[in-house]
Amino acid sequence: MRFPVDEIEEIAEGFQGRFGFYLEDLASGATHARLEEERFPTASMCKIPVMVELYRQVAGGGLSLGERRRLVGEISRHGSGTLSLMWDHPELTLADYCRMMMAVSDNMATDFLMSVVGLGNIDRTMDELGFSNVRTPMTIGRFHYAMAGMEDLPCNPENDSVLLAKLEEGERDFDSISYSDSIQNNVTSPTEMALLVKRIHLGEIVSADASAAMIALMKGCRDRRMMARYVDPEIEVAQKTGSSGRIKGNTGMVYLPSGPLLISAYGLAAADDVDGGEAIARISRLAVGAVSPESVAED
């Protein structure tokens, strides 16, 4: 099996901005990559290492997935998910917060779990696993505040209203930490996030049972706008997506009849009208078509 390198590179080279990816057909061992070692902002892709850290602490006995916690704290209500609709401090299990984080990319659930597991612990675990370019030093709320020049303000409903107004007016600081490849930002390289997901697939992260549970959560991701867009809906996809304006990312496993296909792609667009998600979808379609043509969905 050989990936259609020329067609894939044409899409990548035509992208206005930075675009990197790592592709691997696990059955044949074929790979193709571009800017695979460079760091890209993750947006919601940082939720994979948050999930890993939660399961690590559960395995260590410090936390229980069935433990109920009330949603309180300095947490922004801006962005994706459904918990922002709940104003009366709901009480959920840690398992439910994690399900919401992975299935509907709930930002409030994510920031709450970050407060539970500790931001510093996430990066320490990634270091122990050998992924020094997978960094999660800030909450999703802080990430959004920084891109609007509000990095020093507390996350609260009043400041969320200011944030929303700024974003609606197009007031974004593209020189802010949120758009950078600095390890002070939430970042990853395409290869390291790919290998993290591959090791989860292989049952090597935390434990075989924990890895299987994490793959099941990733199969529940409802966003099919990127790598899953042109995949037959009957084909299972274990993935996480990330999207925040010019920032797009997607890493996951496509469980094709011939075997798993690993896709990890990230784009940082140079302009608001450049769609990194479309580039990820087109490259994924070519990769799927090379491995399993019958698994490509109709347009």
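Just so you know, all these numbers are worked out from the coordinates, no wet-lab data involved. Treat the numbers as computed from the prediction; the structure is a model and nothing was measured. Positions of Cβ are generated from backbone atoms using ideal geometry, with glycine treated the same way; all protein chains shown enter the neighbour counts.
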Modelling each spin label as a point 7 Å along the Cα-to-Cβ direction, I'd like the GLU234/ALA33 distance in nm, to one decimal. 3.4
Kirkwood-Stokes translational diffusion coefficient of segment 1-79, alpha-carbon pairs, 4 °C, 1.567 mPa s, µm²/s: 77
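Counting residues in segment 142-299 as N, plug N into 2.2 N^0.38 Å and put the Cα Rg over that result.
On the way: Rg = 17.7 Å, N = 158, 2.2 N^0.38 = 15.1 Å.
Cα-based Rg divided by the globular estimate yields 1.17.
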Selection from SER258, ASN133, LEU35, by position along the positive dipole direction of segment 5-292 (Cβ): SER258
Percent of Cα pairs exceeding the 17 Å cut-off, where the set is segment 196-235: 39
P(r) of segment 158-206 in 5 Å steps, Cα pairs, percent per bin? 5, 17, 12, 14, 14, 12, 9, 11, 6, 0
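At 20 °C and 1.002 mPa s, what whole-number value in µm²/s does Stokes-Einstein give for the translational diffusion of segment 1-140, with Rh from the Kirkwood sum over Cα pairs?
Values: Rh = 17.1 Å.
My calculation gives 125 µm²/s for D.
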Sorting check: for 246-257, 111-122, 15-26, which peptide has the highest mean count of neighbouring beta carbons within 10 Å, and how do the rest follow? 246-257, 15-26, 111-122
Would any residue of segment 144-186 have its amide N under 15 Å from a label point 7 Å out along Cα→Cβ of GLU278? List them or say none. none
Nearest-0.05 FRET efficiency for ARG68 and GLU13, computed from C-beta distance (R0 30 Å): 0.05
Once each part is reduced to its C-alpha centroid, what is the distance from segment 176-250 to segment 55-90 in angstrom? 20
Treat segment 66-139 as a sphere of radius equal to its Kirkwood radius over Cα pairs and apply Stokes-Einstein at 25 °C in a medium of 0.890 mPa s; give the translational diffusion coefficient in µm²/s, rounded to a whole number. 189
Just the Cα atoms of segment 5-292, one point each, no solvent: what log10 I(q)/I(0) does Debye give at q = 0.10, 0.11, 0.16 Å⁻¹? -0.49, -0.60, -1.29
Extending each Cα 7 Å along its Cβ direction at LYS219 and SER161, get the distance between those two points in nm, one decimal. 4.5
Per DSSP H run of at least 4 residues, take -39500 (n - 2.57); add these up for the chain, divide by its residues and hand me the 222 nm value, nearest 500 deg cm²/dmol. -12000 deg cm²/dmol
Check cross-link reach from LYS219 to the lysines: straight Cα distance under 18 Å, and skip same-chain residues fewer than eight apart. LYS47, LYS198, LYS240
Taking every pair of Cα atoms in segment 135-224, average 1/r, invert it to obtain the Kirkwood radius, and report Rg/Rh to two decimals. 1.10
Magnitude of the Cβ-charge dipole of segment 5-292, K/R +1 and D/E -1, about the Cα centre, nearest 20 debye? 720
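Starting from 0.36 nm per residue, how many nanometres of slack lie between ALA208 and ASP88 once their C-alpha separation is accounted for?
Values: separation 120, 0.36 × 120 = 43.20 nm, distance 3.73 nm.
Contour length minus Cα-Cα distance gives 39.5 nm.
Can you tell me the FRET efficiency between GLU168 and GLU128 if r is taken as the Cβ-Cβ distance and R0 is 51 Å, rounded to the nearest 0.05? Show your work: numbers first, answer last.
On the way: r = 41 Å, r/R0 = 0.81.
So, using R0 = 51 Å, E works out to roughly 0.80.
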Rg/Rh for segment 201-261, where both radii come from Cα atoms and Rh is the Kirkwood radius: 1.00
